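The values are calculated or read from the model by the stated rules, or taken from the named source; none is laboratory data. Just so it is clear, the model here is predicted, and its values are computed rather than measured. Cβ atoms come from the backbone with ideal geometry, glycine included; neighbour counts cover every protein chain shown. The protein model used for the area step is the full one, side chains on, heavy atoms only, and it has no ligands, DNA or RNA in it. Shrake-Rupley method; radii C 1.70, N 1.55, O 1.52, S 1.80 Å.
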Amino acid sequence: MESRGRRAIFFDLDDTLYDHLVPFRNAVREVIQPDESVLDVLHLFDRVRYHSDQLWPRYLQGEFSLDETRVRRMEIAFSEFGIHLSREQATLVQKGYIGRQYNIEMIDGVLPQLTRLMEEGHVVGIITNGPVDHQMSKIRGLGVDKLIPSDRIFISDAVGIAKPDPEIFAYVNRTTGTTADNSVYVGDTWHNDVVGALDAGWEMCWYNPRGKGPGSDHKPTHTFRNYEEFSLLPIT
């Protein structure tokens, strides 16, 4: 394979470096003990993520506090499945979910790929939406802070720009001295990751382990289901 030289290769955090579903499922089990032969927890989780993305701009505009945003997404998503949580229950699910996110492990194969790319001399980093303290706690929980320099970790609330706004990708290019035409983003969500990166002129590696369909006419540069497949992609 022909080398493409030193590239900027940035990763999403949530559901790209670790699996968000595990702490969510355990929090739901703790609070409401659902019948999982009836309730599709994966589908429920996808709807929580969807409503989180929908509410996030309203949080950024100051319409909701962070706590209200998080609890409200739970209430809305659960109601779509016929489960009408009290405010107390929604708060407990959210609290259990957040608390478990700091005791997490990388998805199989992530660490060897991060290490490989860094050893090859590429500019490797993270671009993630969310509050700084919360996202950094997860990064430290994974041990990623020991691999990736702090000046290559970009968190939306610190930058003041959130995915899918292409400007956050342009900001990363300016800050790291890289260019869009030599940059790659790796992420799982269609709206924030695929759309944002492609609109910024970056190549896009869509991590799609559950075989979701596309959400627009954007076309990812590559799609992969696991990090063994990722290791074979012609991105370097």
Fill in: Residues of type aspartates and glutamates that Lys212 reaches as a straight line, Cα spacing below 13 Å, ignoring anything fewer than 8 places off in the same chain
Asp46, Asp188
Discussion item. So for the chain, averaging the separation of alpha carbon pairs under 8 Å that are six or more residues apart and normalising by length, what relative contact order in percent results?
Written reply: 24
Worksheet item: To the nearest 10 square angstrom, how much accessible area does His43 have with a 1.4 angstrom probe?
Response: 90
Worksheet item: For the charge dipole of the stretch 172-228, defined by +1 on Lys and Arg C-beta atoms and -1 on Asp and Glu C-beta atoms about the Cα centroid, which residue among Gly215, Met204, Val186 has the Cα displaced farthest towards the positive pole?
Response: Gly215
Practice prompt. DSSP loop (so not H, G, I, E, B), at most 15 other Cβ within 10 Å: list which chymotrypsin sites (Phe, Trp or Tyr not before Pro) in the stretch 79-169 pass both filters.
Written response: Phe81, Tyr102
Worksheet entry | Surface/4 estimate of mean projected area, convex hull on alpha-carbon atoms of the chain, nm² | 12.6
Worksheet item: Using alpha-carbon pairs under 8 Å, 6+ residues apart, how would you state the relative contact order of the stretch 133-236 in percent?
Response: 18
Response to the item:
Taking Cα pairs closer than 8 Å and at least 6 residues apart, the relative contact order of the stretch 36-145 in percent is 20
Item to complete: Distance check, please: which entries in Lys95/Lys146; Lys138/Lys219; Lys95/Lys138 exceed 21 angstrom between their Cα atoms?
Response: Lys95/Lys146; Lys138/Lys219
Fill in: Excluding exposed DSSP-loop GluC sites (Glu not before Pro) (at most 14 other C-beta within 10 Å), longest clean stretch of the chain
121-236
Worksheet item: Taking square-rooted eigenvalues a ≥ b ≥ c of the alpha carbon gyration tensor, is the stretch 98-193 rounded, prolate or oblate, where a/c under 1.5 means rounded and, failing that, a/b exceeding b/c means prolate?
Response: oblate
Fill in: Whole-number D in µm² s⁻¹ for the stretch 21-156, Kirkwood Cα-pair radius fed into Stokes-Einstein, 10 °C, 1.306 mPa s
96
Worksheet entry | Check: the stretch 111-236 dipole with +1 on Lys, Arg Cβ and -1 on Asp, Glu Cβ, in debye | 300
